[in-house]
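Everything below concerns the one structure shown next.
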Amino acid sequence: MISIDRFLSDEQDPKAVEKVIGKLNDLLTNGEEILYLAVQKKPAVNLLPDSIAISNKRIFYCEPGNLGLTMNFKDISWKSIKEVSFKEEFFGSKFICVPQHGENIVTEFIPKVQARKLHQAANQQLEEYKEMLRQQKLEENRATASPISFNAQPVAEIPVPEPEQPVIQIAEVVEEAEDETTLKLRKLKTLYDKHLITQEEYEAKKANILDSL
């Protein structure tokens with residue numbers, strides 16, 4: 001169960017905090033935690049204030065319904081948020097969430113101290129999410145770059161004549177013996193010249209023949 005004590009440091013309404021935290025406790029996913037909670041403070045009657053909670057995965061908008069008997073929750077994940085801001089006014093501040101798509105979400109009458117801390121917590125989570133995306137992109141770029149460089153090597157090596165020279169020399173040297181080993185090497189060279197086997201296969205089979213001597 002989430003303790004409400006740490007969410008009362010900036011004069012949040014204790015009753016509102018207790019009600020919201022009690023509901024949020026059932027909505028959190030594995031590894032998710034509430035980092036800050038701000039409670040609306042209207043200038044006149046403040047019986048049913050809205051609340052905004054920042055977690056490490058999303059922003060929760062908590063609105064009382066049915067004269068306070070129920071609580072409506074809306075949430076927006078960090079990947080869906082473009083930026084957050086706040087604007088101080090005579091009665092508290094407006095907290096503004098700008099989503100990647102759709103209209104801005106504006107909540108009025110957030111106490112100024114709470115609005116600043118709400119903004120700070122939200123910005124920190126946004127930066128951490130963007131940094132995670134940057135790291136993922138770097139990993140993807142490294143992963144896609146590796147096979148390209150490896151594939152380029154055999155293509156570049158095929159037309160180079162150097163590997164064939166020692167093969168010809170070895171064939172000529174062994175040719176004088178005119179035994180079974182020589183015949184095998186000749187057949188192997190013929191298969192390679194006709195591109196029926198790769199250079200790697202040729203080298204491997206040649207090594208096996210020579211090892212059997």
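The values are calculated or read from the model by the stated rules, or taken from the named source; none is laboratory data. What you see is a predicted model, and the numbers here were worked out from it, not measured in a lab. Glycine gets a Cβ as well: all are built from the backbone with ideal geometry, and neighbour counts include every protein chain shown.
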Quiz item: Any residue at all in the stretch 18-33 that is surrounded by 12 or more Cβ atoms within 10 Å (Cβ to Cβ), among the hydrophobic types (A, V, I, L, M, F, W, C) and assigned to a strand (DSSP E or B)?
Solution: no
Quiz item: When only residues in the stretch 97-122 that are in a strand (DSSP E or B) and over 14 Å from Q40 (Cβ atoms) count, which is nearest to the chain's Cα centre (by Cα)?
Solution: P99
Practice problem: Assess whether N56 counts as being surrounded by 13 or more Cβ atoms within 10 Å (Cβ to Cβ) and modelled with pLDDT of 95 or more. | Solution: yes
Quiz item: Of everything in the stretch 97-121 that's among the hydrophobic types (A, V, I, L, M, F, W, C) and surrounded by fewer than 17 Cβ atoms within 10 Å (Cβ to Cβ), which residue is nearest to I34 (Cα to Cα)?
Solution: V113
Self-check item: Residues of the stretch 8-49 satisfying the condition of being modelled with pLDDT under 90 and either outside the structural domain of N66 (by TED's automatic domain parsing) or in contact with a Phe, Trp or Tyr (Cβ under 6 Å, 6 or more places away or on another chain) (or both)
Solution: K42, P43
Quiz item: Got at least one residue in the stretch 81-90 being loosely packed, with under 11 Cβ neighbours inside 10 Å and in a loop (DSSP other than H, G, I, E, B)?
Solution: yes
Self-check item: In the stretch 173-213, residue farthest from the chain's Cα centre (by Cα) [restricted to those that are among the acidic types (D, E) and modelled with pLDDT of 85 or more]
Solution: D193
Quiz item: Among the residues of the stretch 34-49 satisfying the criterion of being over 32 Å from the mean Cα position of the chain (by Cα) and crowded, with 19+ Cβ neighbours inside 10 Å, which is farthest from L126 (Cα to Cα)?
Solution: P49
Quiz item: In the stretch 184-198, what residues are outside any loop (DSSP other than H, G, I, E, B) and surrounded by fewer than 16 Cβ atoms within 10 Å (Cβ to Cβ)?
Solution: R186, K187, T190, L191, D193
